[in-house]
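Asker: There's a structure below that I have some questions on.
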Amino acid sequence: MAHTPDAHPQLKSEQILIMPRPIRRAILPVGGLGTRFLPATKAMPKEMLPVVDKPLIQYAVEEARAAGIEQIVFVTGRGKTAIEDHFDDSFELRETLSSRGKTAELESMTAMVGRPGEIAYVRQQEPLGLGHAVWCARHLAGGEPVAILLADDLVLAGKPCLKQMVEAYQETGGNMVAVVDVPREQTGRYGILDVDKDDGRLVSVKGLVEKPAPENAPSTLSIIGRYILQPEIFDHLETQERGAGGEIQLTDAMARMIGTTPFHGLRFEGQRYDCGDKVGFIEANIAFALEREDLGPAVRERLRSYIS
Ligand code: G1P
C-alpha cells in the first residue's frame, strides 16, 4: 500500500511520493536437502545445525525480527518438521524450566516462540531451485515488498545485516541485495553483480549472473542470502524459466527487473560466514563463540593450544 497524505499529514507530498513501501514480511526458504552436511542432515534439517548453541534458522529469524519484520513465511519440505517444532511452544520444557527456577532459559525459550500467526509454513514439493522456493510463498506475500533470508549465510555484525539493508532501502527503494567481495576463483558459487556505479557502500547494478565461471564473471561482488525485493518478482518467477544448474533461479528473475526497478547491492558492515560450506560453518562456530562473554576467553585459550 502506498502512503497517502491523510495517513502522514506531517509529510510533504513530494516526500510521500518517493517513500518506499515498508518491509513487513520475510520469506525463509528452508526446503534444501543439505547433502553437503550428510550424515548430520540425514534426519535433521540443515537449518537446525547449531552455531555454538543456537540453530542457524534461529539466527535468521532473530535477524528478521530485529529488522522490523512482522510476518515470516518458511518454505519447507519433507523432513523439516523440526523447524516448526523449534518455533512452537513446548509445554513440557516450559513446565520443567519453570519448576527448576531456570528463569533465564525460560525467558529465552518464550521469546523465540512466534506470536500467534507470526509464522506461516508453505511446502515446496520439489527442489526446483531457490527461485521456485520463493515463488511457492507468492500467495502469502500479500502483494508487498518482501525480505528473503537464507539461513546458510550467517552474518556477525553490530547492527544486524537486514536492518542495515532496510535502512539503506529507505534511501533507494526498489530491489536490494547484500554483497561481499569474493576471490575470483569462487564466483561459480554465487550470484554475481554486473556493476554500474559503486560509491564504496551502495552499488547500482546493471546486470546479474548466477554462478559464472571466474573467466566470465562481470565482477567479484557476490550476493549473500539477504534480499529485499518488490512484489513484481513473483511475476518474473511465474515463467518458471530454468537457469544455471537447470534450476529456477532467483537471480535470473531479479535480473529481469533491472531497468524497470532500481537495483542496488549493499556492502554491509559485518562478517559473513557461508555455513553451506564446512569450513565456513566451522569458522562461524569459532567466531560466534569468541564473541560470547561466557565462552570467548576459554575458547580463545583452547585455540591457542591447537595453533601452537
Ligand atoms: C544462492 C543464490 C546465489 C547466492 C547464494 C548466497 O545460491 O542462488 O545467487 O549468491 O545463495 O548464499 P545457493 O547457495 O543456494 O547455491
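Please treat every number below as a calculation from the coordinates, not as lab data. Just so we're clear, the structure is a prediction, and the values are computed from it rather than from any experiment. No Cβ is skipped: glycine too gets one built from the backbone with ideal geometry, and neighbour counts run over all protein chains shown.
Asker: Could you work out how far apart the two model spin labels at Asp199 and Ala40 are, taking each label as a point 7 Å from the Cα in the direction of the beta carbon, and quote it in nm?
Answerer: Those two pseudo-labels are separated by 4.0 nm.
Asker: Per 5 Å bin, what percent of the C-alpha pairs of the stretch 151-227 does each bin hold, from zero upward?
Answerer: Per 5 Å bin, starting at zero, the Cα-Cα P(r) for the stretch 151-227 comes out as 3, 15, 26, 24, 19, 10, 2, 0 percent.
Asker: How much net charge surrounds Ile307 when only the other residues with a Cβ under 12 Å from the Cβ of Ile307 are counted, with Lys and Arg +1 and Asp and Glu -1?
Answerer: Local net charge: +2.
Asker: Something else: Below 16 Å, Cα to Cα, which aspartates and glutamates can Lys102 reach? Residues fewer than 8 away in the same chain don't count.
Answerer: Glu92
Asker: Indicate the gyration tensor shape class of the stretch 150-282 (rounded, prolate or oblate), computed on the Cα atoms with a ≥ b ≥ c the square roots of the eigenvalues: a/c under 1.5 is rounded; otherwise a/b larger than b/c is prolate and the rest oblate.
Answerer: rounded
Asker: May I pose another question? When a/c is below 1.5 the answer is rounded, else prolate if a/b is larger than b/c, else oblate, so apply that to the stretch 265-308 with a ≥ b ≥ c taken from the square roots of the Cα gyration tensor eigenvalues.
Answerer: Note, shape of the stretch 265-308 comes out prolate.
Asker: Shifting gears a bit: Filter the GluC sites (Glu not before Pro) in the stretch 100-201 down to the DSSP loop ones having no more than 14 other Cβ atoms within 10 Å, then list what survives.
Answerer: Glu118
Asker: R0 = 41 Å: FRET efficiency of Lys102 with His139, Cβ-based, nearest 0.05?
Answerer: 0.50
Asker: What does the net charge come to around Ala178 if you take all other residues with beta carbon closer than 10 Å to its beta carbon, with K and R at +1 and D and E at -1?
Answerer: My count for the surroundings of Ala178 gives +2.
Asker: Pick from Glu241, Glu232, Glu215: which residue has the top mean-square fluctuation in a GNM of the chain where Cα pairs under 10 Å get a spring?
Answerer: Glu215
Asker: So, one more: Whats the longest run of the chain with zero trypsin sites (Lys or Arg not before Pro) that are DSSP loop and have at most 11 other Cβ atoms within 10 Å?
Answerer: 101-308
Asker: Setting aside same-chain residues fewer than 8 positions from Lys80, which lysines have a Cα under 20 Å from its Cα?
Answerer: Lys42, Lys46, Lys54
Asker: Output needed for the chain: three equivalent-ellipsoid semi-axes, defined as square roots of 5 times the C-alpha gyration tensor eigenvalues, in descending order, whole Å.
Answerer: They are 31, 25, 21 Å, listed largest first.
Asker: Please state the charge dipole magnitude for the chain, taken about the Cα centre, from unit charges on C-beta atoms (+1 on K and R, -1 on D and E), reported in debye and rounded to the nearest 20.
Answerer: With only Lys, Arg, Asp and Glu charged at Cβ, the dipole is about 360 debye.
Asker: Right, another one. State whether the stretch 15-174 is rounded, prolate or oblate according to the following rule on the C-alpha gyration tensor (a ≥ b ≥ c being the square roots of its eigenvalues): a/c under 1.5 gives rounded; otherwise a/b larger than b/c gives prolate, and the remaining case gives oblate.
Answerer: Oblate.
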